[in-house]
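Trainee: This is the structure, below, for whatever I ask next.
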Amino acid sequence: MVLGGDGEVLDLGRSRRLFTSKQKLALAERDGGCAWAGCPHPPSYTEAHHIRWWDKQHGPTDLNNGILLCSNHHHRVHDDGWDIQVRGHVPWFIPPSHIDHHRRPRRGGRIRLSDTQDAA
């Protein structure tokens, strides 16, 4: 379990599906808004998304498995089947084969993870 400054739990594992308001604040501080490349939406217009999906990939509700996406890009990821990876503290969006046969990763917006946390 990882705690925030006031002792609030920030890594929940599989005990809870939805990100808490404290987790969303931590993601907002880290991501600064929607992580989709070129998207201008600030944190107040975003939703927390599991990088490793909760249902399909049994992803935990932890900060290093969360990323902020605006509603439009969140739906695009889910509806079209995009994958997300974080490499070198940068999010990469991998399109499904029906969008890009070669599934070439597309660099997303800036994400800041500590050196001790790496997403899959």
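The values are calculated or read from the model by the stated rules, or taken from the named source; none is laboratory data. Just so you know, these numbers come straight off a predicted model, no measurement behind them. Here the Cβ is made from the backbone with ideal geometry for all residues, glycine too, and neighbour counts use every protein chain on show. To get the accessible areas, we keep the full protein, side chains included, count just its heavy atoms, and leave off ligands, DNA and RNA. Shrake-Rupley method; radii C 1.70, N 1.55, O 1.52, S 1.80 Å.
Trainee: Of all residues in the range 42-63, which are touching a residue at least 60 places away in the same chain (Cβ under 8 Å) and touching a strand residue (DSSP E or B) at 6+ places or on another chain (Cβ under 8 Å)?
Mentor: Within the range 42-63, just Ile51 meets the criteria.
Trainee: Can I ask one more? Here is a list of conditions, (1) in a helix (DSSP H, G or I); (2) open to solvent by 50 Å² or more (accessible area, probe 1.4 Å), and Gln85 meets all of them except one; can you say which number that is?
Mentor: Going through (1) in a helix (DSSP H, G or I); (2) open to solvent by 50 Å² or more (accessible area, probe 1.4 Å) one by one, Gln85 breaks only (1).
Trainee: Of all the residues that make up the range 64-78, how many are open to solvent by less than 10 Å² (accessible area, probe 1.4 Å) and either free of Cβ contacts under 8 Å to residues at least 24 places away in the same chain or not in a helix (DSSP H, G or I) (or both)?
Mentor: Counting residues in the range 64-78 that are open to solvent by less than 10 Å² (accessible area, probe 1.4 Å) and either free of Cβ contacts under 8 Å to residues at least 24 places away in the same chain or not in a helix (DSSP H, G or I) (or both) gives 5.
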